[in-house]
Structure formats: C-alpha cells, structure tokens
Amino acid sequence: MGFVKTDIYDLQFNPYKLISKDWFLLTSGNKSEYNTMTASWGQTGVLWNMPVFTTVVRSNRKTFELIEKNEFFTISFFSEKYRSALSFCGSHSGRDCDKAKETGLTPVFMSENGVEVTAFAEADMVLVCIKAYVQEMKPECFVDTENDEKWYSDKDYHYQYIGEIVKAFVKE
C-alpha cells in the first residue's frame, strides 16, 4: 500500500488518543542509517504560524544520535494491529537489533528537499517534520516540581524537538 500526500489542515484526528493511547514511531535517518523509537509524549498544533509536531527524546537513545545529526524526522501513526511492533520498538535499542526486521515493519524512504527520510509502509499517517527548535529540558524550568521528581529522578532529561510539519501522508 502506498501513501497519498494530504494537506495538514485537512486531517481529522484526536491528538490525545493518537499520541498518548495509540503511540507513534519517531524516526530519523535515511536508508544508510536510521532508527525508530516508540513514543507516547508529544504535541501537535500551530506555532510561529506553521503546523508543528513536538516530541521529546532522551540523550541515551539511539534515535537521539540520529535526530541530532539529521535535519528531518518523521512521526508515524499505526492502527492497533501494530501494537506489538510498537511495543517492541519501545523496549529494544537500535544499537542491538534491526527493529524493522524484528517486527516485520517495512521501511519506506521518501525524499524531502533532496534529503531522504524514513517512515513505515504499515503506518496509517506519516508527518514529515524539519527541526525548527531544540532544547534540553532543565530542572530549574519546572514550575510543577513534582513532574521533575516523578519523571526525572535519574536527571536524564529529555530534549524537546519542535518540527515544522512540511508534509503529511495518509494511507491510500
């Protein structure tokens, strides 16, 4: 199955369910080297008069190395049918295995502004994002210090990536 490019402003979805309950794959890299990880924290909306997706990644993740190195990243959403594949991608490191091979997911390599990006054929929707803003979360910025204590007891803070959504695809 292929994808059809769509206008981001025409998409209809519940971001709270799609991101938090259904999860997504965050992927960065190209055919020569890419990695993906499952995530359930993110945001979508409008910032600086452009559609954006915000996600967070800890620096110990293989995906962090690639998202730092590359200009683009993709966000891929799947149906419940792929829950076990997403669970695997969230609990195994790309340093130790080929997640696509282990899960049966099919990488798809698309070109954006002459740069190759990676997504997955089985996804229902793919957002292609170009990095617009990156910042490490800092303990002094927490207004609600309980979140710092609850989520960062090891002080392994996420990096926040705000990406402009430059293309959106839905399954044909």
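Looking at the stretch 101-143, which of its residues are assigned to a loop (DSSP other than H, G, I, E, B) and either over 14 Å from the mean Cα position of the chain (by Cα) or free of Cβ contacts under 8 Å to residues at least 60 places away in the same chain (or both)? GLY104, LEU105, THR106, ASN113, GLY114, ALA121, GLU122, ASP124, MET137, LYS138, PHE142, VAL143 - these are the residues of the stretch 101-143 that are assigned to a loop (DSSP other than H, G, I, E, B) and either over 14 Å from the mean Cα position of the chain (by Cα) or free of Cβ contacts under 8 Å to residues at least 60 places away in the same chain (or both). Of the residues making up the stretch 103-149, just one is aromatic (Phe, Trp, Tyr) and surrounded by 18 or more Cβ atoms within 10 Å (Cβ to Cβ), namely PHE120. Considering the stretch 6-62, the residues that are under 17 Å from VAL166 (Cβ atoms), among the aliphatic types (A, V, I, L, M) and more than 9 Å from the chain's Cα centre (by Cα) include one that is most open to solvent (accessible area, probe 1.4 Å), namely VAL46.
The listed residues are ILE75, ILE67, and the only one of them that is open to solvent by less than 10 Å² (accessible area, probe 1.4 Å) and assigned to a strand (DSSP E or B) turns out to be ILE75.
The values are calculated or read from the model by the stated rules, or taken from the named source; none is laboratory data. On a predicted model such as this, the values are computed, not experimentally measured, just so you know. When we count neighbours, we look across all protein chains shown, and the Cβ atoms used for this are built from the backbone with ideal geometry, even at glycine. We work out accessible area using only protein heavy atoms, side chains counted, and drop any ligands, DNA or RNA first. Shrake-Rupley method; radii C 1.70, N 1.55, O 1.52, S 1.80 Å.
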